[in-house]
Ligand code: SAH
């Protein structure tokens, strides 16, 4: 028996360690059933625009880290961002996600103007994912009409987090506090973690899912940690020694377990089947994520000339496809598993709203 909504931490931990295929099939079936009952069969598409690969931070896992001097840096112009947004409308996407490294060349005013323009001129929902910006920036963008903000806490283990995510100019990094600020400002708030970070234990991963639930997140994205050779973690440095039996593997199977357990813990959340998952299983990672709890996909809209420069990890899926190729590929994949493409912004569904659904 699976305690869908009131699973204990010990049960969650046992599922993360479960190896029997028949038992895992039960878990995935339950997550799929709950997904259908709460958020339905529609898969919402969020057009991803990677607006800049500049970054001030030195995260131990990410290929955009400031010390990676060999990486050619880019920042889209206002017109390029607006062209991508227009493309999103043409392709029928309900949301654009503006993502970047933590780039203070993206100024408060520059982005305020862009958000205001998109909200005024298009029906799109606007999601931002720009790192640990000061509250004044978050507030200005919210006032300009931004609907949602994504910031992964990466791991709920404070020791591991401080090891892989150095502070910037001595400012402590508290992404949970930022998530609370975002909620107070009226954003839909999204977070998530990487799975299989060197030094990440099963117990801490179970605690991550518990934290998703406690934070009452609107969106939760999880994907495998993929080593990048230009980073300290990718080079086997900065690692904390944990008992090998406790180390979470960065495998596809582990991602599905976490997607399924996250759906059971947060039944109404919007959960993407991520690009990182598609990267480790190009053949059908996206579909399996959708079949095991996910209900969102984020097709790439970044101009192809910049795609390969947004290299947070190597061999990223979809870096050569045009926006239209990503659109066709994803539509086909969604149809192949008997699901439909969602229309409209596809925002938060609350239990109350669901109860009054026609
Ligand atoms: N600068 C923004 C957006 C970062 S990119 C921010 O820090 O929030 C979005 C996500 O990519 C990160 O939150 C991280 O979870 C993921 N990521 C970065 N490097 C990765 C890697 N090597 N493998 C897998 N995921 C990675």
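Results for (1) closer than 30 Å to residue 7 by Cα; (2) away from the ligand (no atom under 15 Å from the Cβ); (3) assigned to a loop (DSSP other than H, G, I, E, B), shown as yes or no for each residue.
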{"site": "233", "(1), (2), (3)": "no, no, yes"}
{"site": "236", "(1), (2), (3)": "no, no, yes"}
{"site": "243", "(1), (2), (3)": "yes, yes, yes"}
{"site": "250", "(1), (2), (3)": "yes, no, yes"}
{"site": "258", "(1), (2), (3)": "yes, no, no"}
{"site": "283", "(1), (2), (3)": "no, yes, yes"}
{"site": "287", "(1), (2), (3)": "yes, yes, no"}
{"site": "293", "(1), (2), (3)": "yes, yes, yes"}
{"site": "335", "(1), (2), (3)": "no, yes, no"}
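Regarding segment 217-230, can at least one residue be identified that is surrounded by fewer than 21 Cβ atoms within 10 Å (Cβ to Cβ), more than 22 Å from residue 312 (Cα to Cα) and out of contact with any helix residue (DSSP H, G or I) (no Cβ under 9 Å at 6 or more places or on another chain)?
no
Step by step: first the residues of segment 139-163, then only those that are in contact with a strand residue (DSSP E or B) (Cβ under 7 Å, 6 or more places away or on another chain) and in a helix (DSSP H, G or I), then the one that is farthest from residue 189 (Cα to Cα). Which residue is that? Restricting to residues being in contact with a strand residue (DSSP E or B) (Cβ under 7 Å, 6 or more places away or on another chain) and in a helix (DSSP H, G or I), the top hit is 161. The single residue among 269, 203 that is buried (at least 17 other Cβ atoms within 10 Å of the Cβ), under 24 Å from residue 25 (Cα atoms), modelled with pLDDT of 95 or more and away from the ligand (no atom under 16 Å from the Cβ) turns out to be 269. Here residue 120 does not qualify as within 16 Å of the ligand (Cβ to nearest atom) and in a helix (DSSP H, G or I). Exactly one residue among 98, 128, 71 is in contact with a strand residue (DSSP E or B) (Cβ under 7 Å, 6 or more places away or on another chain), touching a residue at least 40 places away in the same chain (Cβ under 8 Å) and either under 19 Å from residue 313 (Cβ atoms) or in a strand (DSSP E or B) (or both), and that residue is 98.
Cβ separations smaller than 7 Å between residues 6+ apart or across chains give the following pairs from segment 322-334 residues that are surrounded by fewer than 16 Cβ atoms within 10 Å (Cβ to Cβ) to residues that are assigned to a helix (DSSP H, G or I): 322/304. Restricting 71, 48 to residues that are within 16 Å of the ligand (Cβ to nearest atom) and within 21 Å of the chain's Cα centre (by Cα) narrows the list to 48. Say whether the condition of being within 15 Å of residue 173 (Cβ to Cβ), free of Cβ contacts under 8 Å to residues at least 60 places away in the same chain, surrounded by fewer than 21 Cβ atoms within 10 Å (Cβ to Cβ) and away from the ligand (no atom under 16 Å from the Cβ) is met by at least one residue in segment 138-157. No: zero hits. For residue 171, work out the one condition from (1) at pLDDT 95 or above; (2) loosely packed, with under 15 Cβ neighbours inside 10 Å it doesn't fulfil. Among (1) at pLDDT 95 or above; (2) loosely packed, with under 15 Cβ neighbours inside 10 Å, residue 171 violates only (1).
The set of residues in segment 291-316 being in contact with a helix residue (DSSP H, G or I) (Cβ under 7 Å, 6 or more places away or on another chain) and surrounded by fewer than 20 Cβ atoms within 10 Å (Cβ to Cβ) consists of 303, 315, 316.
The condition (being in contact (Cβ under 8 Å) with a residue 40 or more places away in the chain and under 21 Å from residue 148 (Cα atoms)) is satisfied by just one residue among 269, 317, 291: 269. If you take the residues in segment 90-117 that are crowded, with 18+ Cβ neighbours inside 10 Å, within 16 Å of the ligand (Cβ to nearest atom) and over 19 Å from the mean Cα position of the chain (by Cα), which one is nearest to residue 154 (Cα to Cα)? Filtering segment 90-117 for residues that are crowded, with 18+ Cβ neighbours inside 10 Å, within 16 Å of the ligand (Cβ to nearest atom) and over 19 Å from the mean Cα position of the chain (by Cα), the one nearest to residue 154 (Cα to Cα) comes out as 106.
The values are calculated or read from the model by the stated rules, or taken from the named source; none is laboratory data. Quick caveat: nothing in here was measured; it's all calculated off a predicted structure. A quick note on method: Cβ atoms are made from the backbone with ideal geometry, for glycine too, and the neighbour counts reach across all protein chains shown.
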